[in-house]
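Since the structure comes first, as structure tokens, the remarks are kept for the end.
The values are calculated or read from the model by the stated rules, or taken from the named source; none is laboratory data. Here the structure is a predicted model, which means the values were calculated and not measured. FYI the Cβ positions are ideal-geometry reconstructions off the backbone, even for glycines, and counts take in every protein chain you see. Accessible surface areas use protein heavy atoms only, side chains included; no ligands, DNA or RNA. Shrake-Rupley method; radii C 1.70, N 1.55, O 1.52, S 1.80 Å.
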Amino acid sequence: MKKMVGLLLILLSFGIISCSSDDSNDNQGGLYLRFTYNGQNYDYEPETITSLVTSINGSEGVDATYKFLSLTLPNDVTAGTYAITSPDPSDLEAFNAYYNSEGDAVDFDASSGTITITNIDSEYITGTFSFSGDNNGSTITITNGSFRAYK
């Protein structure tokens, strides 16, 4: 009887371990905001804020290690490729991007680039992006951007 209980406990342990392992590979329910800056890859868990426009944001770190990326798009966006323009708060149809890296002294709004919306369903929006802009006389470029966020 003791052998049977021991075997049952071992089998249950394997079941629990395999389930938790599957969950950890889920990457926050399949949500991501990934990009490359200055040769380094970043992978944030996105947060979507919808008001007059939709903003997909991701960040990491605190104080000198703080980094933040934001993509802004119209609420009624459809699949397609859109040019990023300089931000104008009154233009609710514009596509904008912003990047800040405190430790690198980088803080800029994109002046060129694209956001491509590849899929939209009732819950998620998926796409790619790349952009660049001026940071105190230097051109900064964000490449290999991709995202899957709540709509």
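Name the residues in region 121-134 that are farther than 12 Å from Y37 by Cα and open to solvent by 20 Å² or more (accessible area, probe 1.4 Å), would you?
If the condition is that a residue be farther than 12 Å from Y37 by Cα and open to solvent by 20 Å² or more (accessible area, probe 1.4 Å), then D121, S122, E123, Y124, T126, T128, D134 are the ones that fit.
So in region 71-81, with the set limited to residues that are in a strand (DSSP E or B) and closer than 12 Å to L52 by Cβ, which one is least open to solvent (accessible area, probe 1.4 Å)?
In this case the residue turns out to be L73.
Search region 36-46 for residues being at negative phi and in contact (Cβ under 8 Å) with a residue 40 or more places away in the chain, and hand back the single one that is most open to solvent (accessible area, probe 1.4 Å).
N41
Where in region 82-151 are the strands (runs of 3 or more DSSP E), entirely inside, with at least 1 residues that are more than 15 Å from the chain's Cα centre (by Cα) and without any contact (Cβ under 8 Å) to a residue 12 or more places away in the chain?
138-150
Output the residues belonging to region 49-60 that are open to solvent by less than 70 Å² (accessible area, probe 1.4 Å) and over 15 Å from the mean Cα position of the chain (by Cα).
The answer is V53, and nothing else.
If I ask for residues that are touching a Leu at 6+ places or on another chain (Cβ under 9 Å), of a type in the set (A, V, I, L, M, F, W, C) and open to solvent by less than 60 Å² (accessible area, probe 1.4 Å), which ones from region 82-109 would you list?
I84, A94, F95, A97
Listed here are the residues, each with its yes/no results for (1) touching a Ser or Thr at 6+ places or on another chain (Cβ under 9 Å); (2) at pLDDT 50 or above.
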residue: K2; (1), (2): no, no
residue: L8; (1), (2): no, no
residue: L12; (1), (2): no, no
residue: D22; (1), (2): no, no
residue: Q28; (1), (2): no, no
residue: D43; (1), (2): no, yes
residue: T54; (1), (2): yes, yes
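Within region 59-70, how many residues turn out to be closer than 16 Å to F147 by Cβ and either without any contact (Cβ under 8 Å) to a residue 40 or more places away in the chain or not in a strand (DSSP E or B) (or both)?
Final tally of qualifying residues: 5.
Of T139, T118, which residue is open to solvent by 70 Å² or more (accessible area, probe 1.4 Å), within 19 Å of P74 (Cβ to Cβ) and not aliphatic (A, V, I, L, M)?
Result: T118 is the single residue among T139, T118 that is open to solvent by 70 Å² or more (accessible area, probe 1.4 Å), within 19 Å of P74 (Cβ to Cβ) and not aliphatic (A, V, I, L, M).
May I ask you to list the residues in region 142-151 that are buried (at least 18 other Cβ atoms within 10 Å of the Cβ) and either β-branched (V, I, T) or at positive phi (or both)?
I142
Among the residues of region 42-91, which ones are within 18 Å of I120 (Cβ to Cβ) and β-branched (V, I, T)?
Scanning region 42-91 gives T48, I49, T50, V53, T54, I56, T72, V77, T78, T81.
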